[in-house]
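J.: Take this structure first; my questions come after.
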Amino acid sequence: DGIDSLKSFYQNTNAIRAQFHQTVVDGQGRKLQEVDGSMQLQRPGKFRWDYNKPYVQQIVGDGEKVWLYDPDLNQVTVRTISKALGSSPAALLAGGKDMDKAFELKNEGRQDNLDWVQAIPKDKESGFDTIYLGFKADVLNQMELHDSFGHVTLIEFNKLERNPKLNSQVFKFSPPSGADLVGD
Amino acid sequence: CATMQPAANVQSSSTAEVNQQHLKSIASINHFGIQGRIGVQTDNRGFSGSTRWSHAPDSDSMAIFSPLGSQVATIDASSDDGVILVADGKTYKADDTETLTQQTLGWRLPMQGLPDWVLGRPSANNLDSTSEWDASGRLTKLSQDGWNIEYSDYVAASGFQLPRKITLRSIDGYNALASQKASPKIVLKLVVERWDVIAEPLPIK
């Protein structure tokens, strides 16, 4: 079931690389935003989400801080990982064994041949009311993030590689020169 | 629509007439929609994400999204029933957007002047302003009502020349109401990805 898939996913996946397609839909099902990108993750706590098209944005967790770079705005927003990661979707994926401290997990059964689990962030700061993870044969396939306005961010992973060899530079972020650096 | 007022002590690479012509060309815009990216910088916190904003002559409705696409806040301001802000599942009300956003989001949104500023024109409520403009008369710098505004890029949208990149910096120590203590320093950045503009024909006076 969903929780077993999540647990086994944690046990035998300590790194991921995948493409993703993200769609944000409002309460009436209207599409608000669509973006394509690629993500990489190294347990514990290191992750990188590169949004490529139609806009560019990078979210990098280096294990200590989370860096968010928006080239259009020429702004880097940085937060210490404990505050930012807490119960964010990235934490759910990059998290280690202390998952049940940050999330309440519930089985959601099988739907469109995925095993689903619901993860409810215990800390409301994450911006999401609830997160659903869909697994296909214990491999993460989809993620749904539901916010308090009834919007859903659906992230569909494809070309997911489990335990690829990731070079550690990937999770190092150095603010581009001239970019405004903001945050703690 | 915005009345044309002569901008004081102006130095520019084009004559005032070119600027007046440009301002006239956008004077008839009083409804617009914006989809874009918004960045906030204050002394100790930063935010960047995206926004969808629709403006009508007497009402504004703005949604702000986090980098992951989740909605952070909605702001609905209208001249007759004040401002309603929804965030984290709670609803807040006040008379003006600037104080309400400062209290609830920790940074202030100058909704009073912003609809004009974002179009690249001084706000009409006859506050004095100083401005500079480029060779085709488009505003490059404007300071008004406690804000220094920079226009670093323009784009053609439905036949109008409209700003694409805008940076608003609060002027230190300036407070509009004498009673207010000086509001904290803040930088707001807006990058417009999509303009939807409705311009009614100018009333013939």
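J.: For A:F103, indicate whether it is under 23 Å from A:I16 (Cα atoms) and either among the aromatic types (F, W, Y) or more than 12 Å from every other protein chain (Cβ to nearest Cβ) (or both).
T.: So A:F103 fits the description; yes.
J.: How about region A:74-93: which of its residues are more than 12 Å from the chain's Cα centre (by Cα) and either of a type in the set (S, T, N, Q) or modelled with pLDDT of 85 or more (or both)?
T.: Those that are more than 12 Å from the chain's Cα centre (by Cα) and either of a type in the set (S, T, N, Q) or modelled with pLDDT of 85 or more (or both): A:N74, A:Q75, A:V76, A:T77, A:V78, A:R79, A:T80, A:S82.
J.: Collect the residues in region B:99-126 that are within 19 Å of B:E150 (Cβ to Cβ), of a type outside the set (V, I, T) and not in a loop (DSSP other than H, G, I, E, B), keeping them in residue-number order.
T.: The answer is B:L114, B:P115, B:D116, B:W117, B:L119.
J.: If I filter region A:126-146 down to residues being facing chain B (nearest Cβ under 9 Å) and modelled with pLDDT of 90 or more, which single residue comes out as surrounded by the fewest Cβ atoms within 10 Å (Cβ to Cβ)?
T.: A:H146
J.: For a quick check of your reading of the model, give me the residue pairs whose first member lies in region B:131-153 and is of a type in the set (S, T, Y), whose second is outside any strand (DSSP E or B) and at pLDDT below 95, with beta-carbon atoms closer than 6 Å and at least 6 apart or on different chains.
T.: From region B:131-153, the pairs are B:S131/B:A7; B:T140/B:D134.
J.: I need the full set of residues from region B:33-47 which are among the small types (G, A, S) and more than 7 Å from chain A (Cβ to nearest Cβ), in order please.
T.: Matches in region B:33-47: B:G33, B:G36.
J.: Give just the number: which of (1) farther than 29 Å from B:K189 by Cβ; (2) more than 14 Å from every other protein chain (Cβ to nearest Cβ) does A:E64 not satisfy?
T.: The single condition A:E64 does not satisfy is (1).
J.: Another question, then. Is it fair to say A:G45 is out of contact with any His (no Cβ under 7 Å at 6 or more places or on another chain), surrounded by 21 or more Cβ atoms within 10 Å (Cβ to Cβ) and more than 11 Å from chain B (Cβ to nearest Cβ)?
T.: It is false that A:G45 is out of contact with any His (no Cβ under 7 Å at 6 or more places or on another chain), surrounded by 21 or more Cβ atoms within 10 Å (Cβ to Cβ) and more than 11 Å from chain B (Cβ to nearest Cβ).
J.: Can you report the number of residues in region B:51-71 which are surrounded by 18 or more Cβ atoms within 10 Å (Cβ to Cβ) and more than 7 Å from chain A (Cβ to nearest Cβ)?
T.: So the answer is 9.
J.: Still on this structure, please answer the following. Write out, first by first residue and then by second, each pair whose Cβ atoms fall under 6 Å of each other, whose residues are 6+ apart or on separate chains, and whose first residue, in region A:22-34, is among the β-branched types (V, I, T) and surrounded by 15 or more Cβ atoms within 10 Å (Cβ to Cβ) while the second is outside any loop (DSSP other than H, G, I, E, B) and modelled with pLDDT under 90.
T.: Within 6 Å, the pairs are A:V24/A:L32; A:V24/A:Q33.
A quick yes/no check of all residues on (1) farther than 21 Å from A:D26 by Cα; (2) at pLDDT 90 or above; (3) part of a helix (DSSP H, G or I):
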position: B:S12; (1), (2), (3): yes, no, no
position: B:N19; (1), (2), (3): yes, yes, yes
position: B:H22; (1), (2), (3): yes, yes, yes
position: B:I26; (1), (2), (3): yes, yes, yes
position: B:G33; (1), (2), (3): no, yes, no
position: B:Q41; (1), (2), (3): yes, yes, no
position: B:S48; (1), (2), (3): no, yes, no
position: B:D60; (1), (2), (3): no, yes, no
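J.: Still on this model: Among the residues of region A:137-182, which ones are in contact with a helix residue (DSSP H, G or I) (Cβ under 9 Å, 6 or more places away or on another chain), part of a strand (DSSP E or B) and closer than 29 Å to A:L32 by Cβ? Working first, answer last.
T.: Of all residues in region A:137-182, those in contact with a helix residue (DSSP H, G or I) (Cβ under 9 Å, 6 or more places away or on another chain) come to A:137-140, A:143, A:145, A:148, A:153, A:155, A:162-163.
Then drop every residue that is not part of a strand (DSSP E or B), which leaves A:139-140, A:143, A:145, A:153, A:155, A:162.
A:V139, A:L140, A:M143, A:L145, A:T153, A:I155, listed by residue number.
The values are calculated or read from the model by the stated rules, or taken from the named source; none is laboratory data. Because the structure is a prediction, the values reported are computed rather than measured. Reconstructed Cβ throughout: ideal geometry from the backbone, glycine too, with neighbour counts over all protein chains shown.
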